[in-house]
Amino acid sequence: MSFQATVGLSNKHVHLSKEHIDILFGEGYKLTPIKDLSQPGQFACDEKVDLVGPKRTIKGVRILGPARGESQVEISLSDGFTLGLKDVPIRDSGKLEGTPGIKLIGPKGEVELERGVIVAARHLHMHTSEGAKFGLKDKDIVKVKVGGQRALIFENVLARVGDNYALDMHVDVEEGNAAGLANGDTVEIITE
């Protein structure tokens, strides 16, 4: 069985805990939404921080809201090399055990994360009703077929099925570029 979904390319970004928002931007600070994202309740913020690695700094990395229980930094493999971080693991969001840390610098302070840097694994979001329609449950694995001049099939794509999700396939910018994808392109999800 197969069906269509749109694609969202994910660039480097940071999810912050409330505690870290207060340290980086000031006590009681509220993030400023500038754009809604494809997933309900998620938004890009006006705020940015600098990522300081052992080798280099990447300035002006966007914060995504809302606040989370634990801060997480999502980068590409190339960003890891730039920062001087070795062996940044490809992980599902929130799976932070054994991940490297990094220093974050904001306008009001700094935070030294002991862990939390990942390359986000490719994944497919969908609402519970869509999961039922397509015969998928949370944590199932699917394939994603990309057409066009750089056609390929992404293997090992995690299905994230829940009441707070909307249908959208997420890959990082490097994977998207390799497949010739742009935000909003349509791909085929293969469930067999």
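The values are calculated or read from the model by the stated rules, or taken from the named source; none is laboratory data. Everything numeric here is computed off the predicted structure, so don't read it as measured data. Neighbour counts run over all protein chains shown; Cβ positions are idealised from the backbone, glycine included.
Among the residues of segment 129-146, how many are surrounded by 13 or more Cβ atoms within 10 Å (Cβ to Cβ) and either at pLDDT below 95 or in contact with a Ser or Thr (Cβ under 7 Å, 6 or more places away or on another chain) (or both)?
Matching residues across segment 129-146 total 3.
Every residue in segment 58-100 that is aliphatic (A, V, I, L, M) and under 18 Å from Leu37 (Cα atoms), please.
Val61, Ile63, Leu64, Ala67, Val73, Ile75
Looking at segment 1-27 only, could you name the residues that are without any contact (Cβ under 8 Å) to a residue 24 or more places away in the chain and either crowded, with 16+ Cβ neighbours inside 10 Å or outside any loop (DSSP other than H, G, I, E, B) (or both)?
Within segment 1-27, Glu19, Asp22 qualify.
What number of residues within segment 169-186 are part of a loop (DSSP other than H, G, I, E, B) and either touching a residue at least 60 places away in the same chain (Cβ under 8 Å) or among the basic types (Lys, Arg) (or both)?
Of the residues in that region, 5 qualify.
Using beta carbons and a limit of 7 Å, which pairs, at least six apart or on different chains, have the first residue in segment 93-111 and polar (S, T, N, Q) and the second one part of a loop (DSSP other than H, G, I, E, B)?
Thr99/Pro89; Thr99/Arg115; Thr99/Gly116
Any residue at all in segment 19-31 that's closer than 19 Å to Ile118 by Cα and at pLDDT 95 or above?
So far as segment 19-31 goes, yes, one or more of its residues are closer than 19 Å to Ile118 by Cα and at pLDDT 95 or above.
Which of the residues spanning segment 28-73 are part of a loop (DSSP other than H, G, I, E, B), of a type in the set (Ser, Thr, Tyr) and out of contact with any His (no Cβ under 7 Å at 6 or more places or on another chain)?
Across segment 28-73, the qualifying residues are Tyr29, Thr32, Ser38.
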